[in-house]
Amino acid sequence: MAEPVVRIPDAKVALSTASVYPESTATAFEIAARLGYDGVEVMVWTDPVSQDMEALRRLSDYHRIPILAIHAPCLLITQRVWSTDPWTKLQRAQAAAEKLGASTVVVHPPFRWQRQYARDFVAGIWRMANETDVRFAVENMYPWRYRDREMLAYAPDWDVTKDDYRHFTIDLSHTATARADAVQMIDRMGDRLGHVHLADGRGSAKDEHLVPGRGTQPCAEVLERLALSGFDGHVVIEVNTRRAMSSAEREADLAEALAFTRLHLASPVKVPRP
């Protein structure tokens, strides 16, 4: 039998349900299954289905596509989803992950005005991580910018590598907005990198979440490095398709993102010369 020329890591490629907005969580499952994604990451937000564990289980079973990760409700628009208490939100995200078979909960660092939560965040995430097999993967964020002004909106820091967490999520749209070096950040994360949000950006003050390959981020290089390292976490396509003029155009963007990811999430095998 001939030796393969590329090695594919065990990492699964998932679709974030946020990638189909303004369409529904249910639509994300349908598209992910039709395009051949390995699973989905559920963004828990204002869509009632995203908050309903039984509804999510039925969607997963019907489309025969697993739920690989739960994104806890950390956005400004989800401040009242699953309670106004941030620790309750994380507890419910953990319970959802355990019930649905997801291996990862993605969580943002606190906003700076959540003072008590921010003060206890690092130690609290460790406590929760020690109580479950679910990974709490803390995601890098970015400074908020308006013209020439910059506001540090997250605490302890938008650059999560400055603090001690068991697992990290790297988001390449966020590195673009932060104007940070994604490869250097991955190096700092080391073997604690457990989860990837794959998207692109051009360094705008807005969090762009472009289809990979349409911005300036080293998306291909990052995927190739993950393949070489034998990365076994999840690579999640989290892109903005709000400007799609039709459902067909949205689906084409998500198909392109999946093809890009599968193409580059492979490493060449060194075959000895005869």
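A compact table of results
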read-out: Unique match (being surrounded by fewer than 18 Cβ atoms within 10 Å (Cβ to Cβ) and at pLDDT below 95) among Asp52, Asp61, Asp10; value: Asp10
read-out: Single residue of Glu256, Glu251 found to be open to solvent by 50 Å² or more (accessible area, probe 1.4 Å), touching a residue at least 24 places away in the same chain (Cβ under 8 Å), within 17 Å of Ser16 (Cβ to Cβ) and not hydroxyl-bearing (Ser, Thr, Tyr); value: Glu256
read-out: Residue satisfying condition, being open to solvent by 10 Å² or more (accessible area, probe 1.4 Å), modelled with pLDDT of 95 or more and acidic (Asp, Glu), within set Asp120, Asp171; value: Asp120
read-out: Hits in region 138-181 (condition: over 23 Å from Ala72 (Cα atoms) and in contact (Cβ under 8 Å) with a residue 40 or more places away in the chain); value: Arg145, Tyr146, Ala180
read-out: Counted residues, region 200-231 - those being under 21 Å from Tyr154 (Cα atoms) and surrounded by 22 or more Cβ atoms within 10 Å (Cβ to Cβ); value: 2
read-out: Those strands (runs of 3 or more DSSP E) lying entirely in region 129-187 with at least 2 residues β-branched (Val, Ile, Thr); value: 167-171
read-out: Meets criteria (surrounded by fewer than 22 Cβ atoms within 10 Å (Cβ to Cβ), farther than 25 Å from Asp133 by Cα, modelled with pLDDT under 95 and aliphatic (A, V, I, L, M)) for Ala33; value: no
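The values are calculated or read from the model by the stated rules, or taken from the named source; none is laboratory data. Bear in mind that the values here come from a model prediction, so they are computed numbers and not experimental data. Here Cβ is always computed from backbone atoms with ideal geometry, including for glycine, and neighbour counts include all displayed protein chains. To get the accessible areas, we keep the full protein, side chains included, count just its heavy atoms, and leave off ligands, DNA and RNA. Shrake-Rupley method; radii C 1.70, N 1.55, O 1.52, S 1.80 Å.
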